[in-house]
Structures are given as structure tokens and as C-alpha cells.
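One structure is given here, and the rest of the page talks about it.
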Amino acid sequence: MPTIRPTRLRLEHLIKLEPMTSNQEIVFNHWDKNDGMVLSGSAGTGKTFISLYHAMRNVLDKNTPYEKVLIVRSAVPTRDMGFLPGTQEEKEAAYTIPYQIIINDLFGDREAWSKFIQLKQVEFCTTSYLRGMTFNNTIIIVDEAQNCNYHELCSIITRVGHDCKFVLCGDYYQSDFTRESDKDGINNFLEILDNMNRFESVEFIWKDIVRSGMVRDFIMTKEMMGK
């Protein structure tokens, strides 16, 4: 039987999103002006959501050079996914759920993620499978970056080819690392980016939390108590 091509979603199908906080507004204002963005800080501030919104907006806009969005994250709790049973897609399925939900919400379509995956306009990859690859005309979003070690972060950014945007999202106070040397890796990497004029950095705080009032109150109280 012939392969059925999915209905192609277009830019007009993307929801109209407006910034909800002052730091989100900074991201909206600077997204198209920089080759790189670093979005760090509190959970629940919409870092991944607004990154995927702008990335999909760019990919669906024929006036930009971007052809796809690549979502990258480390395979926590194990980095040895290659030794686990199953196909690469089966191993990575648990990590893609948050992004499936976001993409589907952005287009108001429960099949949006599947459609973009089939059309190769959205791809997901863990750091376990990046070696030897080069990405061109791609918006690369590194999510949960606090769980990438220095080697992984260097490996990701050195995969960047022509006409790419590199976006780092993470809450560097919620790392799953137990060794201080691994925790220091993200800070060492960010020091390098801070000395590159290609990157715009935005630090989100508890006042930027939009997930819910409970999350905002918890993070605020947690920080005030120094816990």
C-alpha cells in the first residue's frame, strides 16, 4: 500500500502566543536577533514552551533558513541507552512525552507531533547518538541542560553546521548529578558562551513562573528558606 503523507501543518495553524512575564518578553524580542539563546532559571517559567513556539514559527516561515527543530537532551538517569533493549525510538519514547504535549498544544492538534516527526520537521535525539553528525538549517534546543555534562554540551554545540540556532534551556539548581565535577560542567560551558557575542542569556526567577500559583509559591518559599 502507498505511504499516506500526513496533512502538512502551516504557520497559520500555530497558536498566537504573547509573553506573560518581563523575561519572556525579552526572549520574544531577542529570538530573531541572535544565533543562540540561553534560558536558565526556575522551573515552570515556560522556557521550553516558548522556545518550541518560536522554533516552530521559524521552521514554518518560508523566509527563514530553518528546516527543522532538533530537541536534544541527555539520557538521564542512564547515559548507556545503547545497551538497553529496543529500537532507538523505543528507548527515547519516555523522553519525548513533554515535547509531544507542547507541540500538540501549540497547534491545537493531537496529531501535530506525529505529523512533524513524519515530515522530519521535528526530530528528537539524546546525546548518546550525536557523535559524527552535522546539523544544517536547524534550530537545536538543548533541554534539561543541567543534566548534560561538559563533554556532552561540547559535543552538541560542535555538531552545529550552517544556518543554525542553538538554544539552551535548564534549571541549573535542579541537576541530577551527584558529583561536583559534573555539576561544574554546565557552569564552565556557560562561561564560554558568555564570552561569545552570538548568545543572549535570560535568567528566569520565581516571579516568572506561570505553571501555577502553587509552583510559584513553592519555589519562592524554597528560595527564601535557602533549601
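Structure values in brief
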| item | result |
| --- | --- |
| Label of the coordinate-derived value, Rg and Dmax of the Cα atoms in Å, listed as (1) 16.5, 47; (2) 18.2, 65; (3) 17.5, 62 | (3) |
| Spacing of the two label points (7 Å from each Cα toward its C-beta) at T7 and N34, in nm | 3.7 |
| Pairwise FRET efficiency - Q118 versus A93, Cβ, R0 = 22 Å, nearest 0.05 | 0.90 |
| Solvent-accessible area, 1.4 Å probe, carbon plus sulfur percent, for the stretch 89-166 | 49 |
| Out-of-range pairs (alpha-carbon distance over 19 Å; input K47/K227; K68/K165; K165/K207) | K47/K227; K165/K207 |
| Rounded FRET efficiency, nearest 0.05, which uses the C-beta distance separating N188 from I15 and R0 of 35 Å | 0.40 |
| Potential extension, R211-R110 segment - 0.36 nm per residue separation minus Cα distance | 34.3 nm |
| At R0 = 35 Å, FRET efficiency that the Cβ-Cβ distance of M133 and K227 yields, to 0.05 | 0.30 |
| Probe 1.4 Å, accessible area per residue of the chain, Å² | 55 |
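The values are calculated or read from the model by the stated rules, or taken from the named source; none is laboratory data. Every value quoted in this text rests on a predicted model; they were computed, and no experiment measured them. All Cβ positions, even for glycine, are placed from backbone atoms using ideal geometry, and neighbour counts span all protein chains on display. Keep in mind that these areas ignore ligands, DNA and RNA; they rest on the heavy atoms of the full protein, side chains included. Shrake-Rupley method; radii C 1.70, N 1.55, O 1.52, S 1.80 Å.
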